[in-house]
Amino acid sequence: MKVLVAVKRVVDYNVKIRVKADGSGVDTTNVKFTMNPFDESAVEEAVRLKEAGKASEIVVVSMGPQQAQDTIRTGLAMGADRGILVASDAELQPLAVAKLLKALVDKEQPSLVLVGKQAIDDDSNQTGQMVAALLGWPQGTFASKLVIDGGKADVTREIDGGLETVSLSLPAVVTVDLRLNEPRYASLPNIMKAKKKPIETVSPSDLGIDVAPRLVTLKVEEPARRQAGVKVASVAELVGKLKTEAKVI
Amino acid sequence: MSVLVIAEHDNVALKSATLNTITAAAKLGGDIHVLVAGHNARPVAEAAAKVQGVAKVLLADDAIYAHPLAEPLSLLAVAVGRSYGAILAPATTTGKNVLPRVAALLDVAQISDICAVVSPDTFVRPIYAGNALATVQSKDPIKVVTVRGTGFDAAPAEGGSATIETVGAADNPAVSTFVGQQISKSERPELTSARIIVSGGRGMGSEENFKLIEAVADKLGAAVGATRAAVDAGFVPNDLQIGQTGKIVAPELYVAVAISGAIQHLAGMKDSKIIVAINKDEEAPIFQVADYGLVADLFQALPELAQELSK
Ligand SMILES: Cc1cc2nc3c(=O)[nH]c(=O)nc-3n(C[C@H](O)[C@H](O)[C@H](O)COP(=O)(O)OP(=O)(O)OC[C@H]3O[C@@H](n4cnc5c(N)ncnc54)[C@H](O)[C@@H]3O)c2cc1C
Ligand SMILES: Nc1ncnc2c1ncn2[C@@H]1O[C@H](COP(=O)(O)O)[C@@H](O)[C@H]1O
């Protein structure tokens, strides 16, 4: 079974981002970029499937600027076999990413596509569902457990009320939550080995996909800041203030 | 232009998130129709017909909709929704599961988690864990949108008298089956509609210690919430997680206990009206957003708080 994993290069989750003064977007100059945390869990799961003898090959795919190669290298150092970079300096929205992924799936014919449940920059939570729709495949979103057996994927999903399990016939798309696993750190020898693994570069037009954005960002602003409040000295003072000042209890 | 709202329900009752979505739909202008896809779900359709502002309810009642599986439901939403100007659903795990699939089948973008409607094609949505707000305009003929409940008041559940029409089931792709679910049961209010929430973080230390949170919550008639760290540690189930990648809440009062205040947590609660923080570390970032901060050890403060509230 071949597994395709989509990994996005995003601003590291520890960075406190700043909105550009002209409202045109978020300032990403000189900030640290890493692999989207949910995608690390997706790669980890693929590597575990391979270690368990269930996956034969793992292909990691990233779309974006040349630097997204680094994100692919991270996936290769974790244990993926080869990478594909869809190089583009244009803004790629989830529908475009999904179409590019579909084109690669048509070429690569994997039985399982793993993506993160959400990219922590755009917070869209769409790409996996969209690529499943375009392929006509079933989807298991927000996975905290994945069992592959006999042409089926049983996915335990984190839902608002608790947990739900669905059974999908393969091929399928699974979008993963962080609780699926604890991603490994790549060891130094594996980082060295990853430098020799192949990365193929293609462009959206090579794949025949129109990636023109459907949504135009008119402006980006900072949200209203909360005023820092007061410190209270005791529980009694707290309850008093909640009753008489804030009037919420 | 009419707007189609996809109802969220459990075949028995209409979920309140649908009411907030109907308010967002009203801001787009035009008739509001509600699609109820379920099994033996007529009571849900009847409830939806009573919601103020709803012109028509479309009921698709079939065993394939007994559980909201994305594959059959998206085909139905596309078949019904194609003639609408906009298709809206709550930004719940059900809406997030189904709506991107609907958008892709219609070859349009999906706009996630809107918190304001600027005009029928322009919306405000948070990005980067709510550290920025983007105003986006859709160029597509059909706007497919998920709605953040905290951004819109609930439409009144009574006073409307919409007609109910039945619609046939769409194809069943039969590639997915529902196996089972573990739904957390609680006597406490639901997190996303609670007036008061008491949340605990990693500092709670154990599942057992969360009883201290529950005791305070019960005195206040509050819901219990948690951080991702507390869920990951196994103190509480995943459905209590609040934050960028959990639930978004905005109660009248949010009490954060042993929570440091990471941006991913703040993303889910910083629109609460009053925030209280109880933390033994006076430098904890949570104090920067708290209206009232108490620097204290939770093992002292929580029992004292429960007692003070019983006075
Ligand atoms: C991709 C991604 C998504 C994420 N999504 C979310 C999300 O949706 N929601 C979320 O919450 N987090 C999320 N996180 C995790 C987030 O970054 C933080 O790690 C998490 O919120 C920290 O939880 P915490 O405040 O409970 O724990 P900590 O940061 O460990 O803080 C514990 C606090 O407890 C205090 N404390 C300890 N003992 C006591 C005591 N006896 N009395 C009083 N105070 C005490 C400490 O002073 C400390 O401030 C996400 C992270 C990533 C990478
Ligand atoms: N530019 C990209 N390159 C590779 N994968 C992506 C890209 N954009 C989104 N994805 C994948 O889709 C998931 C969900 O992203 P989103 O729908 O943008 O929240 C991510 O976690 C990635 O796995």
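Size of the dipole of region A:55-131 about the Cα centre, Lys and Arg at +1 and Asp and Glu at -1 on the beta carbon, nothing else charged, in debye to 20?
Roughly 220 debye for region A:55-131.
Around A:R82, what is the net charge, scoring Lys/Arg as +1 and Asp/Glu as -1 over all other residues with Cβ under 15 Å from its Cβ?
Neighbourhood net charge equals +4.
If you plug each phi of region B:183-193 into the Karplus form 6.51 cos²θ - 1.76 cosθ + 1.60 with θ = phi - 60°, what whole-Hz ³J(HN,Hα) values come out, in order, with x for Gly and Pro?
9, 5, 9, 8, 7, 7, x, 6, 3, 6, 10
Please list the radius of gyration and Dmax for chain B, considering alpha-carbon atoms only, with Å as the unit.
According to the Cα coordinates of chain B, Rg and Dmax are 20.6, 60 Å.
Throw me the Rg/Rh for region A:79-123, computed over C-alpha atoms with Kirkwood Rh, two decimals.
0.96
Taking the Cα of A:D210, stepping 7 Å toward and past its beta carbon, and measuring to each backbone N in region A:117-140: which are under 14 Å?
Counting backbone N atoms under 14 Å from the label point, the list is empty.
Alpha carbon centre of region B:221-269 versus region A:150-212: separation in Å?
27 Å
Go through B:N172, A:N14, B:G53 and say which Cα lies farthest out towards the positive end of the charge dipole of the protein assembly as shown; charges sit on Cβ, +1 for Lys and Arg, -1 for Asp and Glu.
Of the listed residues, the answer is A:N14.
To the nearest 500 deg cm²/dmol, what mean residue ellipticity at 222 nm is calculated for chain A from DSSP H runs of n ≥ 4 alone, each contributing -39,500 (n - 2.57), summed and divided by the residues?
-8000 deg cm²/dmol
Using only the Cα atoms of region B:253-295, build the gyration tensor, take square roots of its eigenvalues as a ≥ b ≥ c, and label the shape rounded, prolate or oblate: rounded if a/c is under 1.5, else prolate if a/b is larger than b/c, else oblate.
Taking the square roots of the gyration eigenvalues as a ≥ b ≥ c, region B:253-295 is oblate.
Enumerate the lysines that B:K273 could reach by cross-link, defined here as Cα to Cα under 16 Å, with residues fewer than 8 away along the same chain left out.
The qualifying lysines are A:K241, A:K243, A:K247.
Mind sorting B:Y65, A:Y185, B:Y128 by how few other Cβ atoms lie within 10 Å of their own Cβ, fewest first?
Ascending Cβ contact count within 10 Å gives the list A:Y185, B:Y65, B:Y128.
Give me the extension gain from A:A246 to A:K54: residue separation times 0.36 nm, minus the current Cα-Cα distance, reported in nm with one decimal.
63.3 nm
Counting DSSP beta bridges with both partners in chain A, what percentage is antiparallel, nearest 5?
The antiparallel fraction comes to roughly 40 percent.
Using the C-alpha atoms of region A:2-244, what convex hull volume per residue, in cubic angstrom, is computed?
So the per-residue hull volume is 188 Å³.
Have a look at the DSSP beta bridges in the protein assembly as shown and tell me what percent are antiparallel, nearest 5.
35 percent
Calculate the dipole size of the protein assembly as shown relative to its Cα centre from +1 charges on Lys and Arg beta carbons and -1 charges on Asp and Glu beta carbons; express the result in debye to the nearest 20.
The dipole of the protein assembly as shown has a size of about 600 debye.
Given A:P213, A:S24, A:L180, which one lies farthest toward the positive end of the charge dipole of region A:2-244, if we put +1 on the Cβ of every Lys and Arg and -1 on the Cβ of every Asp and Glu?
Towards the positive end, the residue furthest out is A:L180.
Compactness ratio of the protein assembly as shown: Cα Rg over 2.2 N^0.38 Å, N = residue count?
0.96
Find the centroid of the Cα atoms in region B:155-175 and in region B:21-50, then give the distance between the two in whole Å.
With region B:155-175 and region B:21-50 each reduced to a Cα centre, they are spaced 7 Å.
Given H placed 1.01 Å from N in the peptide plane, which residues other than close sequence neighbours of B:V255 have an amide H under 5 Å from its amide H?
Amide H neighbours of B:V255, under 5 Å, 5+ apart: B:I197, B:V198, B:S199, B:V276.
Kirkwood hydrodynamic radius (Cα pairs, Å) of region B:1-119?
Evaluated over region B:1-119, this radius sits at 14.0 Å.
Bear in mind these aren't lab numbers, they're just calculated from the coordinates by the rules spelled out. Just so we're clear, the structure is a prediction, and the values are computed from it rather than from any experiment. We place every Cβ from the backbone using ideal geometry, glycine too, and count neighbours over all the protein chains shown.
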